[in-house]
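Read through the structure below, which is laid out as structure tokens, and then see the notes.
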Amino acid sequence: MTSRDVNEAAAHYRATYDTALSELLSRIWGGNLHLGLFSNPDEALPQAQLRANHHMAAASRCQAGQVVVEAACGVGSTARYLAENYGVRVRATNIAESQLTEARELTERAGLGHLVDFSFADYHELPFADASFDVWWCQEALLYAVDKRRVLEEAIRVVRPSGRLIMSDLLLGDGVAGSEREDFTSKLKAPHMWSMGHWDRLIAGLPVCVAERHDWGAHAAPTFRNVLANFEGVRDEFTGRLGTAAMEAARERLSIQYEFAQAGKLSWCFYALVR
């Protein structure tokens, strides 16, 4: 992939998230723009999201005083979770200015500004020195990466020896192809989505060891069912702000993710890698 490809993908992402849509997503995901690990399908989404955070943090082995870099941090919910519960310092990065603004406001309100710093950065090219961090972290954002090898090579570069890379991602099944794949990825504005097999092959060729690898696909459907229900609860409020067409497009994106997850075509993976 070329730098032009990376820049064009970043521009598409910002065109989506540097709008009032960012606030809508924050509301319907409960301020935590990530999937949840459900103990049962009827569990509330916030509890499932907290369980996922706990599992990933345990796999990171982060400790008080360490420094974490988070790539594609959304509105900073994970950065705040790590700072508050583990006493780590977090350099959280994103390319959507509206999300960074909301993240800073929420973090100051939570009294965590001394531990969490937010800055503009593309995960394809992090503006940090080699071996600067104990942990690199990225949740459900790599589907937007144009050059996934480059993203992980950057992660390896900025993490100290024996440090950890913590990553989760939304996946498309290998059987999703042709017009079906094109329609789905077009709606999500994520034309470079991978399967778990793609990730396995890339990781096998990198200078890392796999500490954990999980297929969490069964948890995708209950996550999107919850988010769709939350969407309906705020539909009238946001239609006046975003317009009917934008709201219908947002609902269509959530609906197709739920449908694909139910059919086993959309999955979710987790890796903990040691540098």
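Structure values in brief
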{"quantity": "Wholly enclosed helices (runs of 4 or more DSSP H) of the range 1-78 bearing at least 1 residues within 24 Å of residue 115 (Cα to Cα) and at pLDDT 95 or above", "calculated": "45-60"}
{"quantity": "Check on residue 215, surrounded by fewer than 14 Cβ atoms within 10 Å (Cβ to Cβ) and either touching a residue at least 40 places away in the same chain (Cβ under 8 Å) or within 17 Å of the chain's Cα centre (by Cα) (or both)", "calculated": "yes"}
{"quantity": "Tabulated pairs, the range 237-255, first on the phi > 0 side of the Ramachandran plot, second part of a loop (DSSP other than H, G, I, E, B) and among the polar types (S, T, N, Q), C-beta under 7 angstrom, 6+ apart or interchain", "calculated": "none"}
{"quantity": "Where residue 98 falls short, out of the listed (1) surrounded by fewer than 15 Cβ atoms within 10 Å (Cβ to Cβ); (2) touching an Asp or Glu at 6+ places or on another chain (Cβ under 7 Å); (3) modelled with pLDDT under 95", "calculated": "(1)"}
{"quantity": "Matching entry among 221, 211, 155, 229 (being of a type outside the set (Val, Ile, Thr), closer than 24 Å to residue 126 by Cβ and part of a helix (DSSP H, G or I))", "calculated": "155"}
{"quantity": "Flag for residue 180 being over 30 Å from residue 147 (Cβ atoms), of a type in the set (Asp, Glu) and in a helix (DSSP H, G or I)", "calculated": "no"}
{"quantity": "Residue 87 being over 18 Å from residue 159 (Cβ atoms), among the small types (Gly, Ala, Ser) and either at pLDDT 95 or above or buried (at least 16 other Cβ atoms within 10 Å of the Cβ) (or both)", "calculated": "yes"}
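To keep it simple, each residue is scored yes or no on (1) touching a helix residue (DSSP H, G or I) at 6+ places or on another chain (Cβ under 8 Å); (2) in a strand (DSSP E or B); (3) among the β-branched types (Val, Ile, Thr); (4) surrounded by 21 or more Cβ atoms within 10 Å (Cβ to Cβ).
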site: 128; (1), (2), (3), (4): yes, no, no, no
site: 163; (1), (2), (3), (4): no, yes, no, yes
site: 166; (1), (2), (3), (4): yes, yes, yes, yes
site: 184; (1), (2), (3), (4): yes, no, no, yes
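The values are calculated or read from the model by the stated rules, or taken from the named source; none is laboratory data. What you see is a predicted model, and the numbers here were worked out from it, not measured in a lab. For neighbour counting, all protein chains shown are included, and Cβ atoms are generated from backbone atoms with ideal geometry for every residue, glycine included.
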